[in-house]
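Data first, discussion second: the structure below is written as structure tokens.
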Amino acid sequence: SEAEALLPDQVADSEFGRPSKWAAKGILSRVYLTNKKYADAKTKLTEIISSKKFSLLDDYKQVFVYTDSGNDEIIFAVRIMKNTNGAGYPYQNVNHDFQCSASNDFMHTFSDDPRLHATIDTSNVGIFYSTKKISPELGTDNTTSINRIVLRMADVHLMMAEVLNETNGAMEDVLGNLNAVRERGGLPKYLTTDFGSKGEILDAILKERRIEFSFEDLRWFDLLRTGKAIEVMNKKNTGGNNPDAASAHPYTSIDQSHLLYPIPQAQVDASGGVLTQN
């Protein structure tokens, strides 16, 4: 809230990467949504949408093409720049970054979604890599420049859809925000007759977020926020070539203890026992 009041209304293209007050509003919306403060989230999201300062690009793939000044959809991004003494992105070719590989479950779930083929390299059969973090120009320090997107307009629309759904907003408004992202991605819009409950709409929103924000590091927090992490992760822990597998290797089933980051033992020790492990 303090940052929102202090930050500028607009950042020049030459200073792309610095946050504006709209970045603060968007991150604050995400915090409010996580804490189920839906009225507060709706207020901030409405301010962003009503400002008309940002908009969805017509071409989904173009959102992730590197430019020095970003684009109309990006509200906030961290610039990772080559020729900065090794502080750039360390991979010219994403095939070297195994954290960017897609699971079998992901590939099968979205096989008919145009966004899958816009952001996944399918040239290596059985090994599928995201192309959202590729920059073709290698710097003299052997790193590349990318824009690490933190917040973009598609997230604002899908957060608004979730807020309205949770607060019994008009279905036309819920689906208006959801369909704005869906149709831009090349899919037909949802109709009110497609859903019989709020829970079904939430599932549709979460599925949309999973493909729209793939490899943008939001999925785990979506599952935590909506209370679905244990259910979803324990269905997908088979590993191998199973179409339902969320990982190349099986993993141990998760429980409530995996939903929190542990407090570092060094901090517990330094507190003299005041801090206890969560």
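Working from Cα pairs under 8 Å separated by at least six residues, relative contact order for the stretch 169-240 is 19 percent.
Here Thr252 and Val65 are evaluated by their C-beta separation; at R0 = 35 Å the FRET efficiency comes out at 0.35. Highest-first packing order for the peptide set 2-12, 171-181, 69-79 is 171-181, 69-79, 2-12, based on the mean count of other beta carbon atoms within 10 Å.
In whole Å, what is the distance between the alpha-carbon centres of the stretch 133-194 and the stretch 1-44? Value for the Cα centre distance between the two parts: 17 Å.
Take the Kirkwood radius over Cα pairs of the chain, plug it into Stokes-Einstein at 4 °C and 1.567 mPa s, and you get 63 µm²/s for translational diffusion. Dimensions of the stretch 165-278 from C-alpha coordinates, computed as largest minus smallest value along each principal axis and given longest first, are 57, 38, 24 Å. The GNM of the chain, with springs linking C-alpha atoms under 10 angstrom apart, assigns the highest mean-square fluctuation among Ser145, Ser14, Ser257 to Ser257. Considering all different alpha carbon pairs of the stretch 1-103, the Kirkwood hydrodynamic radius works out to 15.9 Å. Placing one equal scatterer on every Cα of the stretch 37-90 and applying the Debye formula, the log10 ratio I(q)/I(0) at q = 0.14, 0.18, 0.19, 0.21 Å⁻¹ is -0.56, -0.77, -0.80, -0.87. Distant-in-sequence amide contacts of Phe128, defined by a placed amide H-H separation under 5 Å and a gap of 5 or more residues or a different chain, comprise Ala102. Backbone geometry of the stretch 105-118 corresponds, through the Karplus equation with coefficients 6.51, -1.76 and 1.60 at θ = phi - 60°, to 3J(HN,Hα) couplings of 4, 5, 5, 6, 4, 10, 4, 9, 8, x, 5, 4, 6, 7 Hz, x marking Gly and Pro.
Just so you know, all these numbers are worked out from the coordinates, no wet-lab data involved. Everything numeric in this text was worked out from a predicted model, so none of it was measured. Neighbour counts are summed over all protein chains in view; Cβ atoms, including those assigned to glycine, are modelled from backbone coordinates with ideal geometry.
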